[in-house]
Amino acid sequence: MAFASYNSKSGFSVGSRTVLRLDRPLTVSSMKPVAPSPLPFASAATRTKSASSLQRRSSVGSLKTGKDDSGVPGRVRVAVRLRPRNAEEQIADADFADCVELLPELKRLKLRKNNWDCETYQFDEVLTETASQKRVYEVVAKPVVESVLEGYNGTVMAYGQTGTGKTFTLGRIGEEDCADRGIMVRAMEDILADISPEHDTVTVSYLQLYMESVQDLLAPERDNIPIVEDPKTGDVSLPGATLVELKDQQNFVQLLQTGENNRIASNTKMNTESSRSHALLLVHVKRSAKSKQEKDLVIPQENGNGVQLSKGHRAPTIRKSKLLIVDLAGSERVDKSGSEGHQLEEAKAINLSLTALGKCINALAESSPHVPTRDSKLTRLLRDSFGGTARTSLIITIGPSPRHRAETASTILFGQRAMKVENMLKLKEEFDYKSLCRRLEADLDRLIAENERQSQAVLESEEEMERRLEEARIIVVEAESRLSAALETLAEERRKHQQENKETLQKVEVERAEMERFEQKLKKNVQDLQDQKEKQTFAEKEKHQKALVELEEKYNQELSNVKQILETERAHREKLENELKELLKKAEETTKEESLRTERAKEDELQKLKQQLEKEHLLREQAECELKKIEQQHKKTNGIIQDNEDSSILRQKVEQELQEKEKLEEEVRALKQQLLQLHIEAEESKRTLEKASSTRSSVCSDSHISINRPSNMRDTINGQRATIAKLFEQVGLHKILSLLQSEDVDVRVHAVKVVANLAAEEGNQEKIVEAGGLGSLLMLLQSSEDETIRRVAAGAIANLAMNETNQELIMAQGGIGLLARTADDAEDPQTLRMVAGAIANLCGNEKLQIKLREEGGIRALLGMVRSRHPDVLAQVARGIANFAKCESRGSGQGNRIGRSLLIDDGALPWIVANANNEASPIRRHIELALCHLAQHEVNAKDLVAGGALWELIRISRECSREDIRTLAQRTLNASPTFQAELKRLHVVY
Ligand code: ADP
Ligand code: MG
C-alpha cells in the first residue's frame, strides 16, 4: 500500500548515493494521536518547536550513523469555524435558531438534530463567528508555518460547504482592510520575515485542480500538469508548474491576485463567489543551516570508510520544506447545488476527489491496511499531508443555517475523522554538497598552489644548504690549516718564553743578591749615620756650652772692665772736684787785682774742667747703657736655653691656651646670638621705615657708600650704627671679624653687614684694617658664593677705600684684581654699585694710577656700564672723574706725560655719549672728567676726533656749576688744537 510503504521508507538515503537524508525524529512523546485532544493548536506548536530544537542538537549523531529513520507522531489538527449569518440568512432564517451551538472554551460544538436533541463534538479548536482572521491564523496556521521554517513539510487545508468561508479564511488579500488578511498572506509574511535573503530561498507555485486536471494559475496555458512521484522517496512533485522565487510580500500579493484572476470560478445558486476548483498554493522553503556541532563530520563512502572533514570543511546542510495551502471546492452534494450540464460534470469531479479524500481519511483514521491514495489527483497531491511526514492543520468551515444542517453534519464528521489521522513528522535536511564541493575545490586549489610554492622553497633551501655546507667545509679546512700554523707558532713562542723566564729568573736572583748586599750596606750606613749624629750632637752641645761659658766669661770680663772704668772715672771726678774746691779756696786768698787777672784764666780752666766732666758723664751713661744691653742679651740667651730644656712649662701653656680657646668659642656662640638678634631688630626697623616712606634709591655721589639705601633713613642707620658701636665695644672687633669666617652663611651675612656698618665710620676704618678686617673682606669677595655677602663686602671695601693708607693696602693685597673680577661676574646692580664705588675711590689716589690701570681697574669700571643702572653709572662716572683729575694733577706737576690712560683704555666714546646724561650725578662727574682731559693738549686731538669738542662748548655754556663752566671756557680758549678746529669749522666762540 502506497501510504503505508511511504511511511516506512520516506526520508532515507539510498545505499550507493553519497547524499544523505537527514530526516530526524522528534523525541517528544506528548503528541499522542489521541482524538479528540484537549491540547490547543498553539501549545502543540510550542512543543514541536522545543522538540525540533532537541532534534537539532542530536542531528550529528544521525549524520554519523544514518540509521535513525523514525518520525515523530503528529496528529492532524482540526479546527472548526462558524461563518456569521449572511444577509440572506438573516432574513430567511430569522425565525430559526442556528443549527450549531459553539462552546469554544470547551472546544466543543453542539449540532442540533431537532428542537430537543443534539450531538456534541470535540475539536482541537472551535472558532466562533466573531473570531478574527488574525486569531484564526495564529491557532490554525502559525504552528504549521513555524514547522515549515524549521524544515518540516506542512499543510493547511480548508474543508466545507460552498459559501461557508474557506476562501475567506485562506485567500483573503485584505487590500481594503488589513485585518481581513487570510492565512496565505499572513503565512507568507511570517516566512519572508524569518528567512535570510542571502542564504535562503522561497519559491511559490499556485495551481488549481479542476476536473482532475492540474492547472498552473500563474501560467494558465499550462494545463494538465503531471504529478510525479519519486518511487524511492515517495516525494510528490509537479515539474511542469511555474516556480516563482519570492523576494517580498508585495511580490506575493501580486502573484496571488494573478492566480485568483485565473481561477475558474463559477457561480452557483448557493454562493456567487464560491469556487468549483481546488486551489493549491505550494511554498518551497530552502534554508542553509550550518551545523553548529564542533565535532568533525564524516561522510560515509561506498567502501565503508568515511572521509573525515576538518573543522574548516564541515559539510553545510540545507533544509528543504514545503508549505501546502489547500482551498478545497465546496463539499455540498451535487443534487443540492442544482448544477446542470457541464456544471454537473464539475460537481461530479469535485465530489470524486472529495469522496476519494474522505475514503483515504477514513482508511487512515481506522488504520486500514489499504489507503486509496491513487483514486484521485487530490489524494495523490495530499499524500504527505495525511498519513505522511507533514504537520497538517485542517479547518472545517460551517454555516449557521438550519437549512444546510445535513451538509454541516457531513462536514463535522469529516473533521472528526480527520482528527484521527496520525502523521510522522520528519525533518527535511540534507548536506549542501554543492557548496561544500565548491569550498573544497577552492581549498584544494589553494593547497596545490601552496604546495608548489613550498616545494620550490624546499628545493631552493636545499640548494642554499648545500652551498653553505660547501662554504663551511672550505672554512673548516682553512681554519684547520690556520690552527696547525698557530699551534706551531705557539709552541715556538712557548719555548722562547721558557728561555726568557729562565734568564729573567737568573737576573732576578742576581738582583736579589745585590739588593741584599745593598740593604746590608744601607743598614750599616744608617747605623754609621746615627752614630755620627749622636757624636755630632754631643760635640755640638759641648761646643755650645763651651761657647756659652766663654761668652759668659767674656761678658763678665767686659762687665768688670766697665765697672773698673766707672770706678776710675768716679775717682777721677772726685779728684777733679777736690781740685776745684782747692782752687776756689786759693782764689779767696789772693788779692783783688790778682784775682781779677787770674780769674779769667781760672774761669777758662773751670770751663774746660766742666766740659771734661760732662764728657765723662756722657761716657758713663753710654757704658751703663751698653751694660744694660749686655745684661738683656745674657738673659735672653739663658731664656732660650731654659725653654729648650723645660717642656713641661710648654705643655702647661698649651693647656692654658686650650682653655682660653674654649672660652673664646663660648663667647663666639653668645656673639652669634647677639648678632642675629641685632640683625632681626635692624631688619624690622628697616621694613617699618621702608613702608612709611616712598623713597627712591639713594644716589651716592660722594665717596661714602651706604649699605642701607633710603637717604631719609639716616636716623635709623645712625641708630643701628650706635647699636653696632655698642656691640663693637662689648664684643671687640676681633671677635666680629672672626665671625666673617663662620661656617653658617647667615652668621657670615650678619657679620659682614656689621663690619660694613662699622667701616662706614671713619674712626673705625683704621681699626678694622689693623685687625685684619680688610683681608677678611677681600677673602669674602673672592670666595663667597652668596650675592648678599659679596655686595656687602664690596660696600665695606668701598668705605675702607676712602682712606689713603687703606687704598694702598687694598692695592697691595690684590684688591683691585678681586674687584675687577667681581665687576665682571656680578649682575646685581647694587653689587656693581658697591664695586664701582670702591674702584672709584681707588681712582682718586694719584700714586696708584698706573697699578690700578695695569691690573684692569679702568677696564672693569668701563665694563660695568653694561648694567645701565643709574646708580652704577654714577659711580663709574665718579671713578672716571677722579682718575682724570689725578691725571690732570700729575701732568700739572710734571709727573706724567703722554695721552690719558682713560683714552687709551677706550673710555672716551662712553664719556662723550653720557656727557649730557639726564641723571645729574652722572652728568656732573662726566663734565668734570671732560674738562680735566681737555686741559692737556696731548689729549686734544682725540677729544676733537671723539666729538668731545661740542660737549665742551655745551658745558662752557650750559653747565649748572659755575666753576666747571669757567674751567671749560678757559680750556677751550687755551687749547690751540681746539681753537684751530673751531676756526676750521668757522665756529665763533
Ligand atoms: P467558500 O469559499 O467556502 O465558498 P467564501 O469564502 O467564498 O466561501 O464565503 C462566502 C461568503 O461568506 C463571502 O461573501 C464571505 O465574505 C462570507 N464569509 C465567509 N466567512 C465569513 C466570516 N467568517 N465572516 C464574515 N463573512 C464571511
Ligand atoms: Mg471558495
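Some notes on this structure:
- The residues packed around L529, meaning those with a beta-carbon under 11 Å from its beta-carbon, carry a net charge of +1 if Lys and Arg are +1 and Asp and Glu are -1.
- Our compactness index for segment 60-192, the C-alpha radius of gyration over the empirical 2.2 N^0.38 Å, is 1.34.
- Segment Q249-E762, extension gain: residue separation times 0.36 nm, minus the distance between their alpha carbons: 172.7 nm
- Across segment 921-934, computed HN-Hα scalar couplings (Karplus, 6.51 cos²θ - 1.76 cosθ + 1.60, θ = phi - 60°) run x, 5, 4, 4, 5, 6, 4, 5, 4, 4, 4, 5, 4, 6 Hz from first to last residue, x flagging Gly and Pro.
- Net charge, G399 excluded, C-beta distance under 12 Å - Lys, Arg +1, Asp, Glu -1: -1
- In terms of packing, defined here as the mean over residues of other Cβ atoms within 10 angstrom, the peptides 738-749, 556-567, 502-513 line up highest first as 738-749, 556-567, 502-513.
- Inter-label distance, A442 to K523: 10.5 nm, where each label sits 7 Å from its Cα along the C-beta direction.
- Highest-first arrangement of 782-793, 468-479, 826-837, where packing means the average Cβ count within 10 Å: 826-837, 782-793, 468-479
- Restricting segment 878-919 to trypsin sites (Lys or Arg not before Pro) that sit in a DSSP loop and have at most 15 other Cβ atoms within 10 Å of their own Cβ leaves R899.
- Whether segment 887-935 is rounded, prolate or oblate, judged on the alpha carbon gyration tensor where a/c under 1.5 counts as rounded: oblate
- Cα-based shape type of segment 139-291, given that a ≥ b ≥ c are square roots of the gyration tensor eigenvalues and the cut on a/c is 1.5: oblate
- Protection proxy ranking for 375-382, 116-123, using the average of other Cβ atoms within 10 Å per residue and placing the highest first: 375-382, 116-123.
- Segment 744-810 has equivalent-ellipsoid semi-axes of 19, 12, 9 Å, by the square roots of 5 times the alpha carbon gyration tensor eigenvalues, sorted largest first.
- Diffusion of segment 861-919 by Stokes-Einstein, at 4 °C in a medium of 1.567 mPa s and with Rh set to the Kirkwood radius over alpha-carbon pairs, works out to 106 µm²/s.
- Taking all C-alpha pairs of segment 188-247, those more than 15 Å from each other amount to 59 percent.
- Spin-label model, K232 to Q557: label points 7 Å out along the Cα-to-beta-carbon direction sit 16.6 nm apart.
- Under the criterion of Cα pairs below 8 Å and six or more residues apart, the relative contact order for segment 742-897 equals 20 percent.
- Model label sites at M779 and Q622, defined 7 Å from Cα along the beta-carbon direction, differ in position by 5.0 nm.
- Computed lengthening from L459 to T128, 0.36 nm per intervening residue step minus Cα-Cα distance: 110.7 nm
- Rg/Rh for segment 467-575, where both radii come from Cα atoms and Rh is the Kirkwood radius: 1.86
- Relative contact order (%) - criterion: Cα under 8 Å, at least six apart; region: segment 870-973: 28 percent
- In a fully extended conformation the segment linking K110 and S960 would gain 291.7 nm over its present Cα-Cα distance, using 0.36 nm per residue.
- At R0 = 56 Å, FRET efficiency that the Cβ-Cβ distance of I897 and D744 yields, to 0.05: 0.55
- Entries of K377/K434; K286/K426; K166/K377; K142/K320 with Cα pairs more than 23 Å apart: K377/K434
- Net +/- balance of residues flanking V562 in space, Cβ distance below 9 Å, scoring K and R +1, D and E -1: -2
Quick note: the coordinates plus some simple rules give every number you see, no bench work behind them. Since the structure is predicted, the reported quantities are computational estimates derived from the model, not experimental observations. Neighbour counts are summed over all protein chains in view; Cβ atoms, including those assigned to glycine, are modelled from backbone coordinates with ideal geometry.
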